[in-house]
Amino acid sequence: MTINGWNSRYLEILQEFGYSKFEDFESAKQLSLILKNNYSLKNLRKLIQNKIVFVIGAGPSLSNSISILKKYDKITKIVADSAIKAIVENKIRPDVVITDLDGDIKSLKKLGKTKTVFVVHAHGDNSEKLSLAKEFRNCIGTTQGKPFRKIYNFGGFTDGDRCVFLARYLKAKKIILFGMDFGPNIGKYSKTKISNKKIKLKKLRKGKKLLEWLATKNSLDLYTTSKQIKGFKKIPYKYIKNIVS
């Protein structure tokens with residue numbers, strides 16, 4: 001079941017960004033056909049339910065987070081695809097990757113052969129990339145619209161905030177954000193073409209608003225080591241060991 005109230009948020013996204021509901025649905029149908037032997041949601045739930053979860057984005061603060069993330073190799077890590085290159089280069093293994101397939105392809109393919117679970121998102125602008133999902137050993141499909149068959153809707157808009165929506169949906173015990181800055185500066189690992197910087201920043205602002213909305217709808221322990229987000233407790237790195245103990 002999709003989070004209550006999501007459909008209204010989705011309609012807002014369509015209007016604000018000029019996206020097509022029909023094209024989103026067509027892309028989701030295509031992904032559904034590709035995922036012939038999709039990964040079990042039950043197995044994904046085991047990685048997250050009642051667990052402390054690190055959500056890792058590609059904001060400017062990610063570089064400062066790497067040494068901390070390396071210390072907690074047994075904590076479940078959900079990673080937005082734009083952060084994957086940094087994670088792979090630093091030999092940190094993500095448990096789950098949230099992707100709409102616009103991240104570093106080489107890193108995605110490398111992880112696709114491991115136990116990492118890929119949550120591939122279909123929308124109107126990425127239908128030509130969806131065949132890449134065939135490369136992933138463990139894969140689940142998502143949409144922003146109505147879920148059907150093998151396609152789920154956990155909520156969320158950008159890869160980063162979808163990580164948090166997924167963790168919430170699958171009932172994580174605590175969620176701690178890293179590299180999730182949502183500020184005016186784009187991290188070096190994020191997609192940073194000058195032509196799309198303006199729309200990128202607009203998407204980040206929307207992602208932040210969605211997380212603030214999500215924070216009002218649950219009683220989870222929510223923390224951020226990055227920029228302040230309403231509803232999330234901002235913490236310094238030194239406090240993490242107290243939270244995870």
Filter result for the condition that a residue is surrounded by 13 or more Cβ atoms within 10 Å (Cβ to Cβ) and of a type in the set (Ser, Thr, Tyr), over 63, 67, 40: 63
Filter result for residue 18 (within 30 Å of residue 197 (Cβ to Cβ) and either of a type in the set (Asp, Glu) or touching a residue at least 12 places away in the same chain (Cβ under 8 Å) (or both)): no
Whichever residue in segment 213-245 is outside any helix (DSSP H, G or I), farther than 18 Å from residue 56 by Cβ and among the small types (Gly, Ala, Ser) and, among such residues, is modelled with the highest pLDDT: 231
Among (1) modelled with pLDDT under 95; (2) surrounded by 17 or more Cβ atoms within 10 Å (Cβ to Cβ); (3) assigned to a helix (DSSP H, G or I), the one test that residue 109 misses: (2)
Some residue of segment 155-163 being under 12 Å from the mean Cα position of the chain (by Cα), surrounded by 17 or more Cβ atoms within 10 Å (Cβ to Cβ), part of a strand (DSSP E or B) and modelled with pLDDT of 95 or more: no
Residue check, residue 50 touching a residue at least 40 places away in the same chain (Cβ under 8 Å), surrounded by fewer than 15 Cβ atoms within 10 Å (Cβ to Cβ) and of a type in the set (S, T, N, Q): yes
Where residue 115 falls short, out of the listed (1) surrounded by fewer than 14 Cβ atoms within 10 Å (Cβ to Cβ); (2) not in a loop (DSSP other than H, G, I, E, B): (2)
Odd one out for residue 2 among (1) part of a helix (DSSP H, G or I); (2) under 20 Å from the mean Cα position of the chain (by Cα): (1)
Some residue of segment 211-219 being charged (D, E, K, R) and either surrounded by 21 or more Cβ atoms within 10 Å (Cβ to Cβ) or over 25 Å from residue 237 (Cβ atoms) (or both): yes
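The values are calculated or read from the model by the stated rules, or taken from the named source; none is laboratory data. Every value quoted in this text rests on a predicted model; they were computed, and no experiment measured them. Positions of Cβ are backbone-derived with ideal geometry, glycine not excepted, and every protein chain shown enters the neighbour counts.
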